[in-house]
Each structure stands twice: as C-alpha cells, then as structure tokens.
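Readers should treat all values here as calculations from the given coordinates under stated rules, not as data from a laboratory. It should be emphasised that the depicted structure is a prediction, and the values quoted were computed from it without experimental measurement. Don't worry about glycine lacking a Cβ; one is built from the backbone with ideal geometry, like all the others, and counts go over all protein chains shown.
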Amino acid sequence: MSSILTERSGKVGIIRLNRPKALNALSLALVEELVEALRGFDKDSDVGAIILTGSDTVFCAGADIKEQKELSFVQAYSADYLKNLNDGLSSIHKPVIGVINGYALGGGCELAMMCDILYAGDKAKFGQPEIKLGTIPGAGGTQRLIRAIGKSKAMHMILTGEMIDASEAEVAGLVAKVLPADQVLGFSIERAQKIAGFSFPVVAMAKEAVNEAEELNLQTGLHFERRLYHASFALKDHEEGFGAFLGKRDPQWINQ
Ligand code: CAA
C-alpha cells in the first residue's frame, strides 16, 4: 500500500500522509514517496499550490521509531538520514500549505514547519518528544522552532517533551490560523485555490523572498527582496496587474 495519497482539486495538489497504523510516521519509503509527489506537483503547470495533510486524527507522529531503532550511527551518518526530507521540501517552488489535525510530533512537527503556511484544526497538538526517546530533534526542530516561537518556548518543548495545543501554537505564531477540525481542510483548500489563482512566477518570487529571510542578515535580505521586486517589473503579469487596477477590471494572469 502506498504511504501517501494524492489528488487534485482545481489548481491545488493535495498530498495526504497515509500510514494509519503507524500514525503516519516518516518511514524511508514514505519520505521518498512524499518528495516524489511534491516534485510532481511542482512540475505540473496546472497546479499552483500544494496542500500537505494527514488524517482527521493525526498529521504525523515523527520519524518511524521502529526504523530509527535499527539505524546505527554510521548508517545514519553515511546516508545523511532524513536530509532528503528537508532538501525535498526546500526545493519546491510552489507554496506548500500544511494542514494539521491531531498530532504533529517530532519529525511530524518538523515536517509541518518545513511548510510555508500552517493551518490547524482545534484538536491539533504539536511537540518535540525526542528527548523522551533518548535523542534530539533531527529534522529542523532545534533550528526552526526557535525561529517560529522564540527560544524559551522552543526550549520548553524540546527539553520537556511536552506538547502544546492548537490555540497555544496560534498565539505563539507557529500556525497562521486555527479552525474547527472539520472545517480546516476546506478552508485551506479555498486559500490554496486563491493563491493558485495569482500569477505563478510572482507567487514563487514572494515565497523565495520570505524564505530567504531565515537565511540572510537584514541588509542582504532587503537587497535580495528589492532585486526580486525589480525583476517582477519585467513580467507581463506585472503590466497586467497594474493595468487591470488602473482600468478598474480583474487581471487575467498569463504566468509570464
Ligand atoms: N513511529 C512508528 N510507529 C509509531 C510512531 C512512530 N513515530 N508513533 C506511533 N506509532 C505506532 C505505535 O507503535 C502503535 O503501533 P502498534 O499498534 O503496532 O503498537 C500505533 O502507532 C499507535 O500508537 P499508540 O498506541 O502509541 O497510540 P496512542 O494514541 O496511544 O498515542 C502518540 C499516540 C501520543 C502519538 C504516541 O503514539 C507517541 O507518543 N508516538 C511517538 C511520538 C514520538 O516520539 N515521535 C518522535 C519520533 S523521533 C523523531 O521524530 C526524530 C526526528 O526529529 C526526525
């Protein structure tokens, strides 16, 4: 059985993690399938945004504990275990919207943080419980959580292994919005359709500029942003957008 399910809804590609018996844990096979599906939607010119979700009760319970238990240091180090997950997500040009219901733990919380926008159901729970297993977060938890919610709260989660609920995650800035669990996917698909309705190259530029903010110092980041902003002036969609505004009509994007 496939570890993920994919479908299309209009211009949105939807990927569902699908290992219910292991609470969608990130087996090597799942990670490979996930990265392949993301790349497929990224290349598909009819898709403008991607949704990554789990089931109604669990997003993802982290690295596959049974698999990780069998990995020696040398095996993990030589294969650079889970680097393909981070590399896979960070190479996607289109926005990836994480929709979280239920648990997002360990590598599941880290996978969520690799997404560009997070919407959560009101029963969602986020945590980095690796410390309880005798290891530490290894797919970005120690790096992305501090950027998302600050040092003290990140340390609290990583050092105690305690979870935070959806409303705490929203207040802390980890997720963009919390909705009733049965409404969050529909809401997210609508927002993804909205994003997919804008000019593809402009959306990709905006995503790239925001993501660079995590890598660059302020002056370099402002310079990078300005260069992309200026570059957008060369797009036909820039001419169309400005012309449509001034002509008091809706723009017709041609993605060029
Ligand atoms: N890997 C593999 N299998 C997992 C799993 C995981 N991460 N999490 C749960 N499962 C399996 C359980 O072993 C169990 O399988 P069996 O029925 O065969 O026993 C099944 O899923 C259901 O789990 P529970 O019975 O534990 O379900 P629950 O509802 O009582 O508890 C839970 C849910 C709180 C999420 C609990 O399953 C749990 O704590 N899971 C582990 C979470 C965790 O520690 N994640 C971190 C992993 S390490 C990591 O991610 C490193 C990294 O940074 C990349």
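Worth a mention:
- Set LYS125/LYS153; LYS21/LYS83; LYS11/LYS43 screened for pairs whose C-alpha atoms are more than 20 Å apart: LYS21/LYS83
- Structural descriptor for the chain: relative contact order 17 percent, calculated from alpha carbon pairs under 8 angstrom and at least 6 residues apart.
- Calculated [θ] (222 nm, deg cm²/dmol) that DSSP helices of n ≥ 4 give over the chain, each run adding -39,500 (n - 2.57): -14000 deg cm²/dmol
- Ranking ALA172, TYR103, VAL202 by Cα position along the charge dipole of the chain, where only Lys, Arg, Asp and Glu carry charges on their C-beta atoms, puts ALA172 farthest toward the positive end.
- Length-normalised contact order for segment 34-141 - Cα pairs under 8 Å, 6+ apart - percent: 31
- Within segment 155-190, backbone nitrogen closer than 14 Å to the virtual label 7 Å beyond the Cα of GLU214 toward Cβ: 174-176
- Centre separation in Å (Cα based) which lies between segment 25-81 and segment 193-230: 26
- Computed from backbone phi, the HN-Hα couplings of segment 201-211 come to x, 6, 4, 5, 5, 4, 4, 4, 5, 5, 5 Hz, rounded to whole numbers (Karplus: 6.51 cos²θ - 1.76 cosθ + 1.60, θ = phi - 60°; Gly and Pro given as x).
- Proxy reagent accessibility, fewest Cβ within 10 Å first, across PHE245, PHE224, PHE41, PHE73: PHE73, PHE245, PHE224, PHE41
- Dipole magnitude of the chain about its Cα centre (Cβ charges: Lys, Arg +1; Asp, Glu -1), debye to nearest 20: 240
- Alpha-carbon centroid distance for the pair segment 88-111 / segment 129-176, whole angstrom: 14
- Once the C-beta distance of ALA79 and PHE233 is scaled by a Förster radius of 41 Å, the resulting FRET efficiency is 0.40 to the nearest 0.05.
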